[in-house]
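Values in this text are rule-based calculations from the coordinates and carry no lab data. The structure displayed is predicted, hence computed values, not measured ones. For neighbour counting, all protein chains shown are included, and Cβ atoms are generated from backbone atoms with ideal geometry for every residue, glycine included.
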Amino acid sequence: MDGANVEGDYTIRELDIDTPASALHVWHTHFDTAAAQADINVVYPIHRLKVLVAQGLIGRVASPAVSFMGFSNVFRMRDEVVPAVVAAVRPTGLAGRPRTSPTVSHTPGSKS
């Protein structure tokens, strides 16, 4: 990311989901990155996502994953970053798919 730009970085990074955590680096000027440096899953939960795939709870993890800096101007995020993320994810076949949520039933008076 563009560390010299105090207003934020409006570029994205495409990450191969099989990149070893030791090869990833976290950089940010607006929060302490020590926890993320110690465990990349704090900011990029790739291990947990792969566990969810193995458990059959999600179908797959899209590759590439997309990273971007969140401390930025909201309008530039909308106009620059979001279109770049969509363009990066679209080839995976996952962009634009309708979301589904599990059906949860609850009986009034039950404790569940």
Restricting to segment 34-59, name every residue that is out of contact with any helix residue (DSSP H, G or I) (no Cβ under 9 Å at 6 or more places or on another chain) and among the hydroxyl-bearing types (S, T, Y). none
Criterion violated by S22 - all others in (1) of a type in the set (G, A, S); (2) in a loop (DSSP other than H, G, I, E, B); (3) more than 23 Å from P91 (Cα to Cα) satisfied: (2)
Contact list, first residue from segment 7-31 and within 19 Å of V85 (Cβ to Cβ), second anywhere and part of a loop (DSSP other than H, G, I, E, B) and aromatic (F, W, Y), beta-carbon distance below 6 Å, six or more apart or interchain, is G8/F71
Among the residues of segment 40-81, write down those that are part of a helix (DSSP H, G or I) and within 13 Å of T11 (Cβ to Cβ). R76, M77, E80, V81
Are there any pairs with C-beta distances below 6 angstrom linking a residue in segment 58-82 that is touching a residue at least 40 places away in the same chain (Cβ under 8 Å) to a residue that is assigned to a helix (DSSP H, G or I) and buried (at least 16 other Cβ atoms within 10 Å of the Cβ), with the two at least 6 apart or on different chains, and if so which? V61/L49; V66/V85; V66/A88; F68/V81
